[in-house]
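Worksheet: one structure, shown below.
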Amino acid sequence: MHSLPPDEAFRGSAALIRPGPYVGLARRAVVLAGAYLATSLISLAVVIILRRDAAPELLQSVLGFVFIAALAAGLEPATVKASALKGRGDDAAPPAAVGACLAVSALKGAMASPVLALVWRFADPHIPALTLAWLPAVCIAGFMATDLRVFFDLEGRHARAVWLKQGSLAGGLVILAGLVLLGVSLFWAIGVSTLARLAVAGIAAAATLARSKPAARPLWADARRLLGDVRWMELAAASVIAAVSGGTDRVVGLRYLPAAEWGSYYLLYEMFSKFWFIPYVLSPVIFARRAAGEDSGGFIRGAWGLIAVTGVLFLAGVAGALTLAPSLVQRFIGMSSAAPILAFAAAVVIASFTQLRLAELQGSGAARRVVVVMGASALVSAALFFVFVRQFGATGLLIAWLIKSLVDFSATMVGGRRGLVRQSL
């Protein structure tokens with residue numbers, strides 16, 4: 001199998017994430033777990049407090065913005081990823097063109113904001129038009145944090161990557177919720193929280209620029225090269241499709257569910273999706289090792305085994321809570337129907353396997369294949385969520401998630417390992 005030849009900087013970065021002793025790997029996992037879980041628990045606590053103290057309509061608007069901000073942060077500008085995959089001899093590969101990468105990320109964020117404005121307005125028709133003016137800044141903050149996270153991952157600074165990406169979102173949510181509970185209008189609460197996130201991204205960008213090599217070409221020349229690289233388009237397209245596929249539930253839920261039911265569904269989603277910490281940590285490592293052409297088979301098998309074991313424990317815990325304390329579940333979440341909740345829990349585990357598989361495919365240079373298979377599954381998912389939420393409400397969304405996850409997983413596994421090898425040749 002012919003792997004993509006890495007440039008010198010990327011080769012050095014990949015060396016930092018070599019498996020090494022199990023002790024080192026365990027230490028890194030603990031650090032990452034602490035960073036991710038701390039920010040996740042902060043976000044979850046804020047949602048619970050808002051659900052208790054804010055009016056349902058205000059909570060719906062706040063959570064609608066939080067979803068849009070998370071969606072913007074979850075989209076992959078792919079500037080740094082594409083540069084890392086370009087190969088030896090390209091001066092625009094990281095870290096030589098850090099400034100150009102971040103400038104292009106900001107440009108992409110501004111260009112994506114009108115589309116997200118349409119999504120937000122469709123999901124929440126009552127949102128004031130003036131509030132949409134914050135979206136360019138929201139998208140720029142999210143895009144820059146995402147590309148900076150890839151820089152840090154390639155350098156082996158995984159904990160810093162998690163703190164930047166998840167911490168800025170969690171911190172912005174804390175500021176937003178605090179201001180809203182103090183009576184500040186949603187417009188200004190969004191503005192202050194967004195400016196704080198921009199400041200964090202700016203500080204991280206300045207620190208990254210300070211330790212990078214001087215660019216070999218003018219910034220505009222590197223930026224033009226980065227924009228003209230078809231790889232970022234393929235990687236970004238896969239990210240957009242995944243966002244459409246995985247975010248349609250909250251778009252249609254925000255639009256069609258009553259405020260109280262939407263709050264219950266959002267809280268359950270926030271709780272269960274924390275399981276994605278595992279693929280969130282492992283996927284960048286798989287991508288970087290595959291992109292560097294390293295022998296990553298053992299690591300990938302270990303990652304799949306870890307998700308299998310923790311997935312069984314997760315499902316057992318959910319089933320136990322629903323069996324032993326259904327009234328507590330009802331009081332805390334607002335719903336207690338066992339079958340739909342278990343279906344969603346199973347969907348979360350299946351989606352974790354899919355995330356690992358996507359990272360493997362993209363790191364092997366099969367990004368175009370990812371776009372095709374995920375595009376097909378996104379169409380199915382969008383139809384599923386729309387029909388099920390209209391017919392069965394929040395319960396329908398939970399059942400649709402299980403079907404969607406099975407479709408996504410099946411689509412990414414078409415061809416198996418042999419198909420992956422053929423696409424890497």
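Just a few scattered comments:
- Scan of segment 97-108 for residues that are in contact with a Leu (Cβ under 9 Å, 6 or more places away or on another chain) and either modelled with pLDDT of 85 or more or assigned to a helix (DSSP H, G or I) (or both), ordered by number: Val98, Gly99, Ala100, Cys101, Leu102, Ala103, Val104, Ser105, Leu107, Lys108
- Selected residue [at pLDDT below 70, touching an Asp or Glu at 6+ places or on another chain (Cβ under 8 Å) and under 30 Å from Leu226 (Cα atoms)] from Ala93, Ala15, Ala9: Ala93
- Test: residue in segment 129-144 that is crowded, with 23+ Cβ neighbours inside 10 Å and of a type in the set (Ser, Thr, Tyr): no
- Answer from Arg301, Arg289 - the residue that is of a type in the set (Lys, Arg), part of a helix (DSSP H, G or I) and over 22 Å from the mean Cα position of the chain (by Cα): Arg301
- Residue list for segment 136-177, filter: modelled with pLDDT of 90 or more and more than 18 Å from the chain's Cα centre (by Cα): Pro136, Ala137, Val174, Ile175, Leu176, Ala177
- Ala321 vs. criteria part of a helix (DSSP H, G or I), in contact with a Pro (Cβ under 9 Å, 6 or more places away or on another chain) and more than 30 Å from Ala161 (Cα to Cα): no
- Of the set (1) out of contact with any Leu (no Cβ under 7 Å at 6 or more places or on another chain); (2) of a type in the set (Asp, Glu); (3) at pLDDT 75 or above, all apply to Glu294 but (3).
- Residues in segment 388-425 that are modelled with pLDDT under 75 and either assigned to a helix (DSSP H, G or I) or outside the structural domain of Phe353 (by TED's automatic domain parsing) (or both): Gly416, Arg417, Arg418, Gly419, Leu420, Val421, Arg422, Gln423, Ser424.
The values are calculated or read from the model by the stated rules, or taken from the named source; none is laboratory data. Worth saying up front: this structure is predicted, and the values here are computed from it rather than measured. Neighbour counts are summed over all protein chains in view; Cβ atoms, including those assigned to glycine, are modelled from backbone coordinates with ideal geometry.
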